[in-house]
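Read through the structure below, which is laid out as structure tokens, and then see the notes.
The values are calculated or read from the model by the stated rules, or taken from the named source; none is laboratory data. Predicted model only: the values in this text are computed from it and were never measured. Every residue, glycine as well, gets a Cβ built from its backbone with ideal geometry; the counts of neighbours run over all protein chains shown. The area values use the complete protein model at the heavy-atom level, side chains included, leaving out ligands, DNA and RNA. Shrake-Rupley method; radii C 1.70, N 1.55, O 1.52, S 1.80 Å.
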Amino acid sequence: MKMRRPLAINEVINNQQLREVFLCAPQGGMRRSIRTNSLTLISDKTKLYDDRVVGNIYHYTGMGQSGDQKMSGQNLTLAESNQNGVEIHFFEVMKPKEYTYRGRVVLAGEPYKAQQKDQNGKQRLVWIFPLRLKDSNATFTKLSTATDDEKELQEEFQDIKQVESLTIKQTEKERLIKARIGQGTFKKLLIQRECKCALCGVTDPRILIASHIKPWSISANEERLDVHNGLLLCPNHDVLFDKQLISFTTDGQIAISHTVDEKARIFMNVNDKMRIALTERQRSYMQDHYNNLV
């Protein structure tokens, strides 16, 4: 038996759904299922292991939180996966309780040993498994340091400031600036946090657009650099948000402008029951946006 239903690349599911799809255990970073002949790998960025991406290879830490890891159990299943016929499926957790599906993976090389600290802070030997995605359109999340992120944003925003000095119409400036922000480093950092439209859940990164909650034109420099002043949306919802025809309360409940009629609501896929998840810092930016709803 294969997985119970297909998953789209970058689809976000919860733990219960993961169990139902793979008929696996409810916990653990490596979940074997005999019934679906699968091994589900979960790289949880909020927890212990020091996983990393080099090029297009994911260096995944094996199972075992205390002491030296052994080549047994699910570690052995993964090590032999190129021969044993077990399907390996890979998830990343960027936010607690949200599992982002990256697709099937295969071993890209021999497992090797490395040193990491265990859950008690003691150095120990772990097994590292080099993994490669089977789908050429899928990507792993490559985590960068905060310093690297800020440097990239600073460089990009310096370029955007040059656009502000151009002798062109203001509407054209705003279009160029939004296009640059919506598809550049700022978008990349938002995708690393969560690759989906905050409102409808669309997961294709090619069509997602990054916008500042507090507009670029009125943001201080530190606010322009703050990814918490950002929201990732699909094109329909981005244009509504950008024109302040929709906004959100501080608890994430959608607010729709009275100027958006029922026909437009249907075609643009918005309704009064929709809501989004906001971080504490996003809430402070959203308050001003909400107060300026058209």
**Any pair with Cβ under 8 angstrom, 6 or more apart, that starts in the stretch 18-29 at a residue that is modelled with pLDDT of 95 or more and ends at one that is of a type in the set (Phe, Trp, Tyr)** = Leu18/Phe91; Leu18/Tyr99
**Request:** Could you check Phe241 against (1) of a type in the set (A, V, I, L, M, F, W, C); (2) farther than 25 Å from Gln170 by Cβ; (3) in contact (Cβ under 8 Å) with a residue 24 or more places away in the chain and say which number it fails?
**Result:** (2)
**Request:** Select from the stretch 261-289 the residues that are β-branched (Val, Ile, Thr) and touching a His at 6+ places or on another chain (Cβ under 9 Å) and write down the one among them that is least open to solvent (accessible area, probe 1.4 Å).
**Result:** Val270
**Asked** Based on what the data block shows, is Asp50 surrounded by fewer than 20 Cβ atoms within 10 Å (Cβ to Cβ), assigned to a loop (DSSP other than H, G, I, E, B) and at pLDDT below 90?
**Response** yes
**Qualifying positions in the stretch 237-255 - surrounded by fewer than 17 Cβ atoms within 10 Å (Cβ to Cβ) and not in a loop (DSSP other than H, G, I, E, B)** = Val239, Gln253, Ala255
**Item:** Top-ranked residue in the stretch 164-219 [being modelled with pLDDT under 85 and touching a Pro at 6+ places or on another chain (Cβ under 7 Å); ranked as most open to solvent (accessible area, probe 1.4 Å)]
**Value:** Ile191
**From Lys273, Lys263, residue being among the basic types (Lys, Arg) and in a loop (DSSP other than H, G, I, E, B)** = Lys273
**Complete:** From the option list His258, His228, single residue qualifying as part of a loop (DSSP other than H, G, I, E, B) and open to solvent by 10 Å² or more (accessible area, probe 1.4 Å) is His258
**Asked** Among (1) touching a residue at least 12 places away in the same chain (Cβ under 8 Å); (2) farther than 29 Å from Arg193 by Cβ, which single condition is Gln83 missing?
**Response** (1)
**Item:** Qualifying positions in the stretch 54-74 - in a loop (DSSP other than H, G, I, E, B), under 30 Å from Ser136 (Cβ atoms) and open to solvent by less than 30 Å² (accessible area, probe 1.4 Å)
**Value:** Gly62
